[in-house]
Amino acid sequence: MTKTLELAKGYKISRVINGCWQLSAGHSLNAAPDKKDVMRAFHMLVEAGFTTFDCADIYTGVEEFLGEFVKELKQGGGISPEDIQIHTKYVPDINLLSEVDYQFTERIIDRSLKRLNREALDLVQFHWWDYDVPGCLETAGHLRRLQEQGKIRHIGVTNFDTKHFAEIVDAGIPIVSFQTQYSVFDRRPEKSLLQYCQSKGIPLLCYGTLSGGLLAEKWLGQPAAAPETRSQVKYMQVLEDTLGWEGYQELLLLLDKHAKRHAVSIAQVAARYILNQSGVGGVIIGVRNSNHVKSNTQIFDFDLDGSEIEEIRQFLSNYRILEGEPFELERTIGSKYRNIMKMNLSEE
Ligand SMILES: NC(=O)c1ccc[n+]([C@@H]2O[C@H](COP(=O)([O-])OP(=O)(O)OC[C@H]3O[C@@H](n4cnc5c(N)ncnc54)[C@H](OP(=O)(O)O)[C@@H]3O)[C@@H](O)[C@H]2O)c1
């Protein structure tokens with residue numbers, strides 16, 4: 001398996017993408033991340049060839065932080081800022097959806113360009129919070145116009161269901177990637193999204209692969225605990241409605257068995273399992289410090305064989321898959337999944 005993927009003609013990314021939600025204000029529920037250590041982690045990652053980053057217009061303070069990183073690379077004389085790829089998102093606030101027009105979209109794209117210190121945005125992943133508010137397709141078309149003007153290199157999407165995504169594809173918007181939650185905890189993409197995207201040649205870029213760090217040795221044999229980050233809040237809900245704590249502990253034991261066989265870690269097995277699913281282009285792994293750089297840069301140094309993958313799949317098939325399409329529960333009014341979402345962060 002190669003470490004990189006040609007997402008579009010002439011545009012190569014690393015298949016393990018450095019996720020940056022972890023650096024946004026309020027993501028850590030206890031102590032905020034040490035920004036110096038994170039900057040050190042970024043330099044270590046790009047030097048090891050892991051040059052692709054994922055952020056969003058709604059991750060407070062993160063585009064600016066990556067802009068600082070770009071500046072450091074410019075001054076450093078080592079790896080050039082042109083050799084890294086920064087994927088951002090365009091997530092207009094739910095309260096403002098009815099006001100979104102071309103000028104609105106251009107303003108946010110210009111803001112991302114300025115914050116990131118970039119001439120063009122490598123990939124803009126589009127999200128629309130409410131299908132009932134008209135304007136989703138038109139807005140995707142506005143991103144296309146901004147692409148034609150050279151402000152955006154590539155367009156992707158995040159958190160659509162298959163039906164609404166197909167409308168965007170059918171409208172002729174040249175989408176190169178689909179970012180979705182996909183992990184051993186949350187297999188909703190397997191219902192139809194994965195197959196649809198494969199049929200269109202659009203790879204999935206997956207988050208939640210390590211479930212906010214819950215897929216790690218430190219949780220083996222542990223009782224249920226309070227979440228430490230917003231990621232864990234999210235994935236503990238999924239856990240509650242799928243494996244339960246007992247099933248989760250059994251899963252950890254199974255992943256640990258395979259990890260030990262390869263002399264790697266549970267996190268590496270969990271990431272590799274998702275990377276091995278056909279239709280998956282990459283996994284996005286959150287960076288909150290430099291602790292896991294070594295481990296995450298070794299994900300391609302081993303492989304799971306067919307029987308190991310089948311054993312994990314068989315185990316998971318004993319448990320329910322979360323209800324609905326990807327992000328459907330998160331959109332359902334009154335659901336606990338929606339209640340933890342912050343839908344008005346872009347203007348913050
Ligand atoms: N489109 C969306 O709606 C959406 C939603 C969520 C996330 N994302 C993207 O996906 C990225 C990942 O976020 P996530 O919430 O899914 O988190 P995640 O990647 O599942 O978990 C990240 C956490 O896992 C732990 N970890 C990382 N590498 C490890 C390793 N090798 N061994 C053991 N533990 C390890 C770290 O915990 P410690 O920090 O505690 O050490 C880290 O903070 C985000 O940064 C963002 O870019 C997108």
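The values are calculated or read from the model by the stated rules, or taken from the named source; none is laboratory data. Treat the numbers as computed from the prediction; the structure is a model and nothing was measured. Here the Cβ is made from the backbone with ideal geometry for all residues, glycine too, and neighbour counts use every protein chain on show. Keep in mind that these areas ignore ligands, DNA and RNA; they rest on the heavy atoms of the full protein, side chains included. Shrake-Rupley method; radii C 1.70, N 1.55, O 1.52, S 1.80 Å.
Could you order the peptides 83-95, 135-147 from most to least packed, using the average number of other C-beta atoms within 10 Å per residue?
83-95, 135-147
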With a cut-off of 8 Å between alpha carbons and a minimum separation of six or more residues, what is the relative contact order of the chain in percent? 22 percent
When the Cα centres of region 326-348 and region 1-69 are compared, how far apart do they sit, in Å? 23 Å
Out of the total accessible area of the chain (probe 1.4 Å, heavy atoms of protein only), what percent is carbon and sulfur? 49 percent
Which Cys in the chain stand alone, with every other cysteine's Cβ at 4.7 Å or more from theirs? Cys136, Cys197, Cys206
Name the residue from Thr332, Trp129, Ile285 whose Cα lies farthest towards the positive end of the charge dipole of the chain, charges +1 on Cβ of Lys and Arg and -1 on Cβ of Asp and Glu. Ile285
Sequence neighbours fewer than 8 away in the same chain don't count; with that in mind, list the lysines whose C-alpha is under 21 Å from Lys200. Lys9, Lys12, Lys163, Lys191
Taking the chain and counting helices only, DSSP H stretches of n ≥ 4 at -39,500 (n - 2.57) each over all residues, the nearest-500 ellipticity at 222 nm comes to -12000 deg cm²/dmol
Among beta bridges assigned by DSSP with both residues in the chain, the antiparallel ones amount in percent, to the nearest 5, to 15 percent
Mind ranking 168-179, 270-281 by how tightly packed they are, going by the mean number of other C-beta atoms within 10 angstrom, highest first? 270-281, 168-179
Among rounded, prolate and oblate, which fits region 76-202 when a ≥ b ≥ c are the square roots of the eigenvalues of its C-alpha gyration tensor, a/c under 1.5 means rounded, and a/b larger than b/c means prolate? oblate
Pulled fully out, how much extra length does the chain show between Glu328 and Gln298, if you take 0.36 nm times their separation in residues and subtract their Cα-Cα distance? 7.4 nm
Any idea of the accessible area per residue across the chain, 1.4 Å probe, to the nearest Å²? 41 Å²
Can you classify region 191-348 as rounded, prolate or oblate using the Cα gyration tensor, where a ≥ b ≥ c are the square roots of its eigenvalues, rounded means a/c under 1.5, and otherwise it's prolate if a/b beats b/c and oblate if not? rounded
Kirkwood Rh and Cα Rg combined as Rg over Rh, evaluated for the chain: 0.94
Protection proxy ranking of 39-51, 70-82 - average other beta-carbon atoms within 10 Å, highest first: 39-51, 70-82
